[in-house]
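Laboratory data are not the source of any read-out in this text; all were calculated from the coordinates shown. Since the structure is predicted, the reported quantities are computational estimates derived from the model, not experimental observations. No Cβ is skipped: glycine too gets one built from the backbone with ideal geometry, and neighbour counts run over all protein chains shown.
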Amino acid sequence: MKGLRNLLVRRISLRAKLALIICCISFFSIVVSSLAFFFSVKKINEDIVYNNLESLQLAVEDNISSSLSAIDKTAKNIILGSNVRQFLREGANLAEMDESGKVLLRQSIEREISNQMLFNSILEEGLIESVNFYLDEHNIAFFSRNGSLDLKDSPSVRQVYRTIQQKSSANPQIFSSTLNDPFLHFAYRISSLDQSSRSVYLIITINREGLLAKCQSITDYENSVVYLADQKGTVILSNQQENEGAPLPDGIDGNYTQGKITHLDFDGTKHLYFSQWLNDKDFFLAVMMPEELFVRSLYEAMRDYLFLSVVVSLIIMALIVLLSLRMTAFTHDFTEGLQKFGKGDLTVKLPPYRDADLNHISNTFNQMTERINFLVEDGYKKQLLIQQMDIEFLQSQMNPHFLFNTLFTISTRAKMSGDDLLFEMVQALTRLLQASLHTKNDIKITVAQELEYINAYLYIQKVRYGSKLEYAVSTGSPEILTLLIPRLCIQPLVENAVVHGIEPLSATGHIDIAMELKEDALWITVTDNGVGFDPAEAPDGSAPPSHSNHIALQNLQERIRLIYGGAYGVTIDSAPGRGCRAVVILPVDKGGNHGLSSSDRR
């Protein structure tokens, strides 16, 4: 398994690995940030839901409390009406009053009630349906919101009247609705000021649906329940009418949250619950709402966000994949470039990049290939030059033993014959040939060895031209004689001075060879007073245009540059009739790593 995994890893390209890593990191970042954002939005939505719920709670509390307060205030205004107070204060006996007096009393109280209702907000809201004011069982002052007499001393109102007659409490009594009576009845017992046994009764009939509408913002939620109970815990109003008149259910009775929203497990269902005492603890309001509703609303609020998040994440991932492939395109360029380079294409180049680091790598690679290409071509040229030199030497060499034996025989006969000049010429030629043959395998030789060639060559030319040729050699410090220089790098210049400068000259010719160390380099200067030439006519300004000897000088220039580089070489200063000055500039080579050594020759 491990081997298979390693094989798969090796088979995946670097570009694919980089793109995969970038995608994985980006995907992980997107997932983490999305989850963090999701839970943040979820928390915000939860806060919004709970804030909305608290707003609903406060609105319901305020609506119910204000409505109950308005009903109580209406009752007190009726009770404190002038006619009612006068009747209670004077203690008039209805039994002693004639019928017209009773009618007048009822009418005056009814007018007073009507006046109280003129600017009554709860009447305008449709909460109050009617008012029954019982002076006694048969004398009733009545007011109806719509003018109907259906509720005047109706059976349900009569039942409330009889019930409250039997109770001695002066506190208001509230009677909940029944299936046959869809109204709430607020009943008040008002005792006479001088005779406590005499009382009148005020019964205000309230539209149950109108009061329940004050809780509509809560009851609109499915399976939500509202309980309005009295001080004894009896339900007087609920959106589930079957609960009215019954005690508060277990778990709610006595569960007072001071208006704070809590969690309540009721009948096996989780609810959000809050309760509050209203109107100085005259009424108890409790509200239950299933948590499932808010979880569902929260899910609905988050569903669009989840869908949008998934779409945005997919778009971002697609962009990241495209960007990662684009960002890692350089690996394909590098791989392709290296493959071409490995197959021998030394001219391969990488494209430029906008990124500074990648562009630096591209430039470095291009410089490397250019340098390697130059070194390879340079090496080939050097090798070809060495082979050419070997071939030329092999083509021109003779059997050394035969040649030396012949020269020895000639020099011996010249000595025996007393011809010293011939003897010296043969000796010079022998030294020239011996030096040439002994160093044939060396690319570089010492200055002293090179001067052996020069001295032997100039001696022979001196014999040939006689007084027409004069020469001088100056080597400066002895250290120069031990330095290494390319083999035959001075001899072509001397030969050029003799053949092309001195030979056509009618006067005596002078050749000066000077060597000096200057600017960390060896300067070799060959000067003649010959006929000179125009350097502009030379192919590269470094050799005379006449005869074939300029080829040797061109080869010398090329050899020096191949061995030591373009900073070194031969320069020639000449003009017709002014002679010639050739300068060879070489590094101070004491046998270290200066260009091509003798061991490089194959």
Using distinct alpha-carbon pairs, which all enter the 1/r mean, Kirkwood radius of the range 31-315 in Å: 21.6
Distance violations [Cα-Cα > 22 Å] among 102/152; 214/270; 102/167; 76/167; 73/102; 152/232: 214/270; 102/167; 73/102; 152/232
Out of residues 5 or more away from residue 257 or on other chains, whose amide H comes under 5 Å of its own, with H placed 1.01 Å from N in the peptide plane? 275
For the range 103-109, 3J(HN,Hα) per residue [Karplus equation, 6.51 cos²θ - 1.76 cosθ + 1.60, θ = phi - 60°, Hz, x = Gly/Pro]: 5, 4, 5, 4, 5, 5, 5
Taking only Cα atoms of the range 100-164, the Rg to Rh ratio with Kirkwood Rh works out at 0.98
If amide hydrogens are placed 1.01 Å from N in the peptide plane, which non-local residues have theirs closer than 5 Å to the one on residue 509? 469, 470
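Just the projected area, averaged over all directions, of the convex hull on the alpha carbon atoms of the range 185-253: how many nm²? Each step should come with its number before you reach the end.
Details: hull surface 24.8 nm².
About 6.2 nm², averaged over all directions.
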Sequence gap at least 6, Cα distance under 8 Å: using those rules, report the relative contact order of the range 31-315 to the nearest whole percent. 16
Residue 444: which aspartates and glutamates have alpha carbons under 12 Å from its alpha carbon, excluding same-chain residues fewer than 8 sequence positions away? 589, 600
Per-residue ³J(HN,Hα) for the range 275-288, Karplus 6.51 cos²θ - 1.76 cosθ + 1.60, θ = phi - 60°, Hz, x for Gly and Pro: 9, 7, 7, 10, 6, 6, 6, 7, 9, 10, 10, 10, 10, 10
Taking N as the residue count of the range 24-152, its alpha carbon Rg divided by 2.2 N^0.38 Å gives 2.06
Paired Rg and Dmax values of the range 197-344, which use every Cα atom, in angstrom: 32.0, 128
Using modelled backbone amide H atoms (1.01 Å from N, in-plane), which distant-in-sequence or interchain residues come within less than 5 Å of residue 588's amide H? 522
Kindly write out, for the range 158-165 in residue order, the coupling ³J(HN,Hα) from the Karplus curve 6.51 cos²θ - 1.76 cosθ + 1.60 (θ = phi - 60°), rounded to whole Hz, with x marking Gly and Pro. 4, 5, 5, 4, 5, 5, 6, 4
Using the charge dipole of the range 31-315 (Lys, Arg: +1 at Cβ; Asp, Glu: -1 at Cβ; taken about the Cα centre), state which of 277, 168, 50 has its Cα farthest towards the positive end. 168
Cα-based Rg of the range 334-383 per 2.2 N^0.38 Å, rounded to two decimals? 1.26
I'd like the Kirkwood hydrodynamic radius of the range 67-112, using the inverse of the mean 1/r over distinct C-alpha pairs, in Å. 11.7
